[in-house]
Amino acid sequence: MEITQQCVVALTWTLKDTLGETLDVLDEPVEFLLGGHDLLPKIEAALQGHARGAKLHLQIEPEDAFGDFDENLLFLEPRALFPVDLEEGLTIEGTALPGGTHPDAPRNVLYTITEIYPEHVVLDGNHPLSGIALRLHLTVESVREATEDEVGQGSCGAGFFKIEVGHNHELADPDRTLH
């Protein structure tokens, strides 16, 4: 079966940055819905017309992946606003930021705690892969027609390239979300 919109592809891949550092390896096939919200548009476009067994090598620039790094999404917040057991690398939904944080901090973003100082915490609302060109080496393991449920949901549920923040999915910017 040839890959078209509204079909499901099972993929394996290796994701690297342009320096060759491996960022993610998907050894076991995972299903994604084309024409939904599972994959980046550049990946979907590249898959069109291929079939089971196809091997693709893509370079995806930041503007076609997770955007450029935005300094306006960095916030220095008082340490006292956060729990004592806070650790670097933890993520916090913008909707769950404690009261007293910067009023301009968007609430529809997922923040990563990047640094903890005695008096301050650094919140980064950028996607971890923002500003990075990606090299994706993928293999199409299988192709099938999508079910009505999958088409209706716009997803096979893998969510590898999308993060939905909070319960109000209308707030989540679909072009700025992944993994």
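The values are calculated or read from the model by the stated rules, or taken from the named source; none is laboratory data. Just so you know, these numbers come straight off a predicted model, no measurement behind them. Every residue, glycine among them, receives a Cβ derived from its backbone with ideal geometry; neighbour counts consider all protein chains shown.
Consider HIS37 carefully, then state whether it is in the same structural domain as THR139 (by TED's automatic domain parsing) and in contact with a Pro (Cβ under 7 Å, 6 or more places away or on another chain). Quick ask: steps written out before the conclusion?
Details: in the same structural domain as THR139 (by TED's automatic domain parsing): yes; in contact with a Pro (Cβ under 7 Å, 6 or more places away or on another chain): yes.
Judged against the criteria, HIS37 is a match.
Just to be sure I understand the filter: pairs with C-beta atoms under 9 Å, separated by 6 or more residues or on different chains, first member in segment 83-109 and in a helix (DSSP H, G or I), second member surrounded by fewer than 10 Cβ atoms within 10 Å (Cβ to Cβ). Which pairs pass?
THR95/HIS167
Of (1) part of a loop (DSSP other than H, G, I, E, B); (2) in contact with a Phe, Trp or Tyr (Cβ under 8 Å, 6 or more places away or on another chain), PHE75 satisfies all except one. Which?
(1)
Please list, ordered by first then second residue, the pairs with beta carbon atoms under 8 Å, 6 or more apart or interchain, first in segment 117-133 and under 18 Å from PRO106 (Cβ atoms), second polar (S, T, N, Q) and assigned to a loop (DSSP other than H, G, I, E, B).
Short answer, once both residue conditions are applied: LEU123/THR101; HIS127/THR177.
May I ask you to verify whether THR12 is in contact with a Pro (Cβ under 6 Å, 6 or more places away or on another chain) and not aliphatic (A, V, I, L, M)?
Details: in contact with a Pro (Cβ under 6 Å, 6 or more places away or on another chain): yes; not aliphatic (A, V, I, L, M): yes.
Taking the combined requirement at face value, the residue satisfies it.
Would you call ILE92 in contact with a His (Cβ under 6 Å, 6 or more places away or on another chain), among the aliphatic types (A, V, I, L, M) and surrounded by 16 or more Cβ atoms within 10 Å (Cβ to Cβ)? Break it down stepwise before answering.
Working: in contact with a His (Cβ under 6 Å, 6 or more places away or on another chain): no; among the aliphatic types (A, V, I, L, M): yes; surrounded by 16 or more Cβ atoms within 10 Å (Cβ to Cβ): yes.
In short, no.
Out of segment 129-160, which residues are charged (D, E, K, R) and surrounded by 16 or more Cβ atoms within 10 Å (Cβ to Cβ)? I'd like the intermediate steps shown before the answer.
First, the residues of segment 129-160 that are charged (D, E, K, R): 135, 141, 144-145, 148-150.
Listed by number, the residues that qualify are ARG135, GLU141, GLU150.
Working carefully through the options THR4, THR18, THR12, find the one that is within 21 Å of PRO62 (Cβ to Cβ), among the hydroxyl-bearing types (Ser, Thr, Tyr) and either surrounded by 13 or more Cβ atoms within 10 Å (Cβ to Cβ) or touching a strand residue (DSSP E or B) at 6+ places or on another chain (Cβ under 8 Å) (or both). Steps first, answer last, please.
Numbers: THR4 fails: within 21 Å of PRO62 (Cβ to Cβ); THR12 fails: within 21 Å of PRO62 (Cβ to Cβ).
Residue meeting the stated conditions: THR18.
Just wondering, is there one or more residues in segment 25-45 that are in a loop (DSSP other than H, G, I, E, B), exposed (fewer than 11 other Cβ atoms within 10 Å of the Cβ) and either touching a residue at least 24 places away in the same chain (Cβ under 8 Å) or touching a Leu at 6+ places or on another chain (Cβ under 6 Å) (or both)?
So the first thing to find is which residues in segment 25-45 are in a loop (DSSP other than H, G, I, E, B), and the list is 34-40.
Checking the rest, the ones that are also exposed (fewer than 11 other Cβ atoms within 10 Å of the Cβ) come to none.
No.
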